[in-house]
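Asks: Below you will find the structure I want to go over with you.
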Amino acid sequence: MVKRGAFIVIEGLDRSGKSTQTSLLRANLEAAGIPTELIKFPDRTTAIGQMIDSYLKSQSDLDDHVIHLLFSANRWELASTIEKLLTSGTTVICDRYAFSGIAFSASKGLPYEWCRAPDVSLPAPDLALFLQITPEAAKARGGYGEERYEREEMQRSVGEIFHRIGAEIASEGVRWVAVDAGHERDQVEEDIWMFVKPLAQGVEGPIRRLWPDKIRV
Ligand code: DGP
């Protein structure tokens, strides 16, 4: 059977080291000769991404439902690209994905199920790695930045919802692994590699969908 590329998602709180670790992971995969593409969500380069960017920088205000749907639309914009890459044998790493969508919007008080709905049936990752760090430790790493959600109490609530998501999707067969991101950078890199390496040579079987049982036809 021809193998397709693996779909790896890295999630975590702000300042958990996601961007550093996704870059390191890409370098490790490329060093192992694996064709790899790194996609970062939100993708601020598209028209929708620019609206999100302006919202995050507090240059514009949007209703919570509207910004939630824009974040989801931003993922759907790239869904077919992700599928094509995987099918062509490229491993795809996503820095954030639908799980951030639920965690951040539900933290603002929107109902969990409502937040999940627009992302139902996006391509499902073969592995989701959650970089676990306490909001205190994240803050101690030089403080949060200027953007809208970078406050300690928001990050605490986001972390709690990520745990709920992890339990839910693990029960639906998506592999969700928490990695201790409070360790030194090299250790976190090594831990991530240990989980990704077995998938690096490709994955058998079709690309799965997120929350398939939530669709009624
Ligand atoms: P980043 O570029 O990874 O720092 O993400 C920017 C901010 O946007 C960060 O605070 C997390 C938040 N975020 C990322 N994805 C989503 C999403 O789908 N929905 C919401 N509401 N927030 C998100």
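Asks: Please express the Cα-Cα pair-distance distribution P(r) of segment 51-119 as a list of whole percents, one per 5 Å bin, running from 0 to the bin with the greatest distance.
Replies: Each 5 Å bin holds this share of Cα pairs: 3, 16, 24, 21, 17, 10, 6, 2, 0.
Asks: Peptides 97-108, 194-205: what's the order by average Cβ count within 10 Å, highest mean first?
Replies: Packing order, densest peptide first, comes out as 97-108, 194-205.
Asks: Charges only on Cβ, +1 for Lys and Arg, -1 for Asp and Glu: so what's the dipole of the chain about the Cα centre, in debye to the nearest 20? Before the final figure, lay out each step's value.
Replies: Values: 26 positive and 32 negative charges, 93 e Å.
About 440 debye.
Asks: A further question follows. So, counting K/R as plus one and D/E as minus one, what does the shell of residues with Cβ under 12 Å around Ser54 add up to?
Replies: Numbers: positive: Arg44, Lys57, Arg148; negative: Asp53, Asp61, Glu147.
With Lys, Arg at +1 and Asp, Glu at -1, the net is 0.
Asks: Next up: Using 0.36 nm times the number of residues separating Arg141 and Glu190, minus their current alpha carbon distance, what extension gain do you get?
Replies: Additional length available on full extension: 15.6 nm.
Asks: Using the alpha-carbon centroid of each, what span in Å lies between segment 166-217 and segment 68-97?
Replies: Their Cα centres are 15 Å away from one another.
Asks: Taking only DSSP H segments of four or more residues, each worth -39500 (n - 2.57), what value at 222 nm results for the chain once the sum is divided by all its residues, to the nearest 500 deg cm²/dmol? Before the final figure, lay out the partial values.
Replies: Numbers: 8 runs with 101 residues, N = 217.
It lands at -14500 deg cm²/dmol.
Asks: Separate question: Can you pick out the pairs among Lys3/Lys214; Lys3/Lys84; Lys18/Lys40; Lys57/Lys214 whose Cα atoms lie more than 22 Å from each other? The partial results should precede the final answer.
Replies: Values: Lys3/Lys214 28 Å; Lys3/Lys84 13 Å; Lys18/Lys40 10 Å; Lys57/Lys214 33 Å.
Violating the 22 Å limit, Cα to Cα: Lys3/Lys214; Lys57/Lys214.
Asks: Here's a follow-up. Normalise the Cα radius of gyration of the chain by 2.2 N^0.38 Å (N = residues in it) and let me know the number.
Replies: It is 0.98.
Asks: By count of other Cβ within 10 Å, fewest leading, how are Trp211, Trp114, Trp176 ordered?
Replies: Details: Trp211 18, Trp114 13, Trp176 22.
Listing Trp211, Trp114, Trp176 from fewest to most nearby Cβ atoms yields Trp114, Trp211, Trp176.
Asks: In addition: Which residue, Gly145, Ile39, Ile207, has the largest displacement toward the positive end of the dipole of the chain when charges sit on each Cβ (Lys, Arg +1; Asp, Glu -1)?
Replies: Ile207
Asks: If you don't mind, another one. Which Cα, out of Thr20, Gln155, Leu69, lies furthest along the positive dipole direction of the chain (beta carbon charges, K/R +1, D/E -1)?
Replies: Projecting each Cα onto the dipole axis, the largest value belongs to Leu69.
Asks: Here's a follow-up. Given a Förster distance of 22 Å, report the FRET efficiency between Asp64 and Lys214 from their Cβ-Cβ distance, rounded to the nearest 0.05.
Replies: Details: r = 21 Å, r/R0 = 0.95.
Using R0 = 22 Å, I get an efficiency of 0.55.
Asks: With a sphere of radius 10 Å drawn around the Cβ of Glu150, what net charge do the other residues whose Cβ falls strictly inside it have (Lys, Arg +1; Asp, Glu -1)? Show your work: numbers first, answer last.
Replies: Working: positive: Arg15, Lys139, Arg148, Arg151; negative: Asp14, Glu146, Glu147, Glu152.
With Lys, Arg at +1 and Asp, Glu at -1, the neighbours total 0.
Asks: Counting only other residues whose beta carbon sits under 14 Å from that of Arg164, what net charge do I get with K and R as +1, D and E as -1?
Replies: -3
Rule-based calculations on the coordinates, nothing more; no lab input. Keep in mind it's a predicted model, so treat the numbers as computed, not measured. When we count neighbours, we look across all protein chains shown, and the Cβ atoms used for this are built from the backbone with ideal geometry, even at glycine.
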